[in-house]
Amino acid sequence: MFEDGLRWLSNPSSDEFMKLIIKLVYQAAIYSIWKEKNARVHNQSFRSAQALILEIKQTVHARLDLLSRAHTSRRTDITLLGTWFSRF
C-alpha cells in the first residue's frame, strides 16, 4: 500500500497547482508526524491529532503564500494560495 501511495504521489493530478499542493501537504504531514514522535520519545510531551492537523495546515499555508508571491505561471486566473482556499 505504501508503494501505491508513492506511485500516486508522483502524478496525483493533471492540475499543476494541485500537484504541488498535494506534495507539500505530504511533506508537511511527514515532518509534523516525525517531530511529534521525537517530542513524545524525548520530552514526553503529547499533542492532539487536531493540533497536528492545524500545524500542517499552517505550514502549507505559509509555504503557499511565499510561492504564490514568487510564482510566475501561464495561469493568471488563480494562484497557488487561491487553489488551496478553493479546495481545502
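Over the chain, with every protein chain in place, what whole percent of the accessible area is carbon and sulfur at 1.4 Å, could you tell me?
Values: 3900 of 6540 Å².
Carbon-and-sulfur percentage of accessible area, whole number: 60.
Dipole of the chain (Lys/Arg Cβ +1, Asp/Glu Cβ -1, origin at the Cα centre): which of F17, Q44, L81 lies farthest to the positive side?
Selected residue: Q44.
Keeping every protein chain present and rolling a 1.4 Å probe, give me the accessible area per residue for the chain in Å². Intermediate values should be presented prior to the final figure.
Details: 6540 Å² over 88 residues.
Accessible area per residue: 74 Å².
Which net charge results for the neighbourhood of R63, defined as the other residues with beta-carbon distances under 13 angstrom from its beta-carbon, given Lys and Arg at +1 and Asp and Glu at -1? Could the numbers behind the result be given before it?
On the way: positive: K23, K57, R69; negative: E55, D65.
After counting each charged neighbour, the total is +1.
Among K57, K23, K37, which one moves the most in a GNM of the chain with springs linking Cα atoms closer than 10 Å?
Evaluated over the chain, the most mobile residue of the options is K37.
What is the spin-label model distance, in nm, from K19 to A70 if the labels are put 7 Å beyond Cα along the C-beta direction?
For K19 paired with A70, the spin-label model returns 1.9 nm.
Top mean-square fluctuation among I56, I21, I30, Gaussian network model of the chain, C-alpha springs under 10 Å?
The residue with the greatest mean-square fluctuation here is I30.
If one takes the longest principal axis of the Cα atoms in the chain, at what angle in degrees, from 0 to 90 and to the nearest 10, does the Cα axis of helix 16-43 lie?
10
List the lysines whose alpha-carbon lies under 22 Å from that of K37, not counting same-chain residues fewer than 8 positions away?
By straight Cα distance, K37 reaches K23, K57.
How high is the relative contact order of the chain, in percent, with contacts defined as C-alpha pairs under 8 Å that are six or more residues apart? All intermediate terms of the calculation are to be shown ahead of the outcome.
Values: 41 pairs, mean separation 24.3, N = 88.
RCO, the chain: 28 percent.
By how many nm would the segment from W8 to I33 lengthen if fully extended, with 0.36 nm per residue of separation less the alpha-carbon distance?
Additional length available on full extension: 6.9 nm.
Counting Lys +1, Arg +1, Asp -1, Glu -1, what net charge surrounds H42 among other residues with beta carbon under 15 Å of its beta carbon? Each step should come with its number before you reach the end.
Working: positive: K35, K37, R40, R47; negative: E36.
Charge balance near H42 sits at +3.
Only one of the values (i) 23, 15, 11; (ii) 28, 17, 10; (iii) 22, 20, 11 was calculated from this structure for semi-axes √(5λ) of the Cα gyration tensor in Å; name its label.
(ii)
Under unit Cβ charges (Lys, Arg +1; Asp, Glu -1), what dipole magnitude, rounded to 20 debye, does the chain have relative to its Cα centre?
Details: 13 positive and 8 negative charges, 36 e Å.
For the chain, the charge dipole is close to 180 debye.
If each DSSP helix of 4+ residues adds -39,500 (n - 2.57) and the sum is divided by the residues in the chain, what number results at 222 nm, nearest 500 deg cm²/dmol? Spell out each step's value before the answer.
Working: 4 runs with 67 residues, N = 88.
Using -39500 (n - 2.57) per qualifying helix, the result is -25500 deg cm²/dmol.
The values are calculated or read from the model by the stated rules, or taken from the named source; none is laboratory data. Keep in mind that what you see is a predicted model, and the values were worked out from it rather than measured. Neighbour counts run over all protein chains shown; Cβ positions are idealised from the backbone, glycine included. In case anyone asks, the SASA skips ligands and DNA or RNA and just uses the protein heavy atoms, side chains included. Shrake-Rupley method; radii C 1.70, N 1.55, O 1.52, S 1.80 Å.
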